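Novice: I have a structure here, written as structure tokens, and I will follow up with some questions on it.
Every read-out reported here was derived from the displayed coordinates using simple, explicitly stated rules and does not represent laboratory data. As the structure is a computational prediction, the values presented were derived from the model and not from experiment. Every residue, glycine as well, gets a Cβ built from its backbone with ideal geometry; the counts of neighbours run over all protein chains shown.
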């Protein structure tokens with residue numbers, strides 16, 4: 001393993017860890033807490049695709065880390081249901097699961113509708129209105145630049161900003177955690193520029209109805225927006241059948 005990019009696992013497909021930027025470890029910070037977010041983001045962005053074999057030895061070699069912090073990071077990934085270990089076979093990136101996806105969507109919708117109801121009741125502070133409007137403008141520029149991952153990051157930021165605007169400190173973190181099973185599917189759906197433009201218009205409608213404090217319209221706009229991934233589910237499952245559990 002001279003360059004740290006090869007593993008003794010002969011059935012690891014090309015790409016994977018070799019395409020991920022690991023950066024340099026900061027030795028004054030816990031190593032596991034640096035490894036975990038890199039691997040988590042690689043999985044959520046589909047750089048490490050569902051079903052891929054991933055080994056502790058290979059990750060340790062890429063980071064220049066010992067097995068102990070790598071194992072700790074893997075334990076966190078298992079807890080987040082992003083990897084699974086099969087006895088005598090190895091550790092694999094978890095495949096997309098329809099039931100898990102529908103559960104995450106149910107929870108996300110409940111949180112986000114509660115957010116817009118709260119904001120319609122109390123009003124959206126001007127600083128948050130400006131921030132949300134700026135995010136929509138930035139999303140449009142990412143469509144023009146064909147930057148899908150940057151678009152998704154801004155999409156996430158839009159929804160987390162709405163959560164922060166409620167004034168409840170835990171809501172944004174709860175939303176981010178509970179929607180995690182959806183994120184990989186969203187990567188696939190956001191590779192379509194036409195779909196991105198639809199999402200921007202939906203964000204504009206959501207923001208407009210919240211600003212006007214039209215509660216029923218805000219709820220409807222939010223439901224329609226969040227439901228767009230459900231509409232794409234069938235076609236994505238067919239197009240990427242190898243990414244889904246049988």
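Novice: Which angle from 0 to 90°, rounded to the nearest 10, does the C-alpha axis of helix 193-211 make with the longest principal axis of the chain?
Specialist: In the chain, helix 193-211 runs at an angle near 50 degrees to the longest axis.
Novice: Given contacts defined as C-alpha pairs under 8 Å and at least six residues apart, what's the relative contact order of the chain, whole-number percent?
Specialist: On the way: 267 pairs, mean separation 53.2, N = 246.
Taking the mean separation of contacting Cα pairs over the length of the chain, I get 22 percent.
Novice: For region 51-130, divide the Cα radius of gyration by the Kirkwood radius and give the resulting Rg/Rh value with two decimals.
Specialist: Numbers: Rg = 19.8 Å, Rh = 16.0 Å.
Computed over Cα atoms, the ratio is 1.23.
Novice: How large is the Rg to Rh ratio of the chain when both quantities use alpha carbon positions and Rh follows Kirkwood?
Specialist: 1.01
Novice: Starting at 0 and stepping by 5 Å, how many percent of the alpha carbon pairs of region 116-225 end up in each bin?
Specialist: 2, 12, 22, 24, 22, 13, 4, 0
Novice: Quick check on packing: order 182-189, 131-138 by the mean number of other C-beta atoms within 10 Å, highest mean leading.
Specialist: 182-189, 131-138
Novice: Can I ask one more? Hey, what angle do you get for helix 67-79 against the long axis of the chain, alpha-carbon based, 0 to 90 degrees rounded to 10?
Specialist: 40 degrees
Novice: Let me have the 222 nm mean residue ellipticity of the chain computed from DSSP H runs of 4+ only, each contributing -39500 (n - 2.57), with the sum over all residues rounded to the nearest 500. Each step should come with its number before you reach the end.
Specialist: Numbers: 10 runs with 160 residues, N = 246.
The per-residue figure over the chain is -21500 deg cm²/dmol.
Novice: Evaluate the relative contact order of region 61-175 (contact order divided by residue number), counting alpha-carbon pairs under 8 angstrom at least 6 apart; express in whole percent.
Specialist: RCO, region 61-175: 20 percent.
Novice: Cα centroids of region 136-154 and region 185-246: how far apart, whole angstrom?
Specialist: Distance between centres, Cα-based: 15 Å.
Novice: Tell me the relative contact order for region 16-93 as a rounded percent, counting alpha carbon contacts under 8 Å between residues six or more apart.
Specialist: Once divided by the residue count of region 16-93, the mean separation gives 35 percent.
Novice: If you don't mind, another one. Find the Cα radius of gyration of region 16-93, compare it with 2.2 N^0.38 Å by division, and give the number to two decimals.
Specialist: On the way: Rg = 11.5 Å, N = 78, 2.2 N^0.38 = 11.5 Å.
Taking the Cα Rg and dividing by 2.2 N^0.38 Å, one obtains 1.00.
Novice: Then there is this: Between residue 223 and residue 100, what is the FRET efficiency for a Förster distance of 22 Å, r being their Cβ-Cβ separation, to the nearest 0.05?
Specialist: According to the calculation, E is roughly 0.60.
Novice: Can you tell me the 0 to 90 degree angle between the C-alpha axis of helix 32-44 and the longest principal axis of the chain, rounded to 10?
Specialist: 70 degrees
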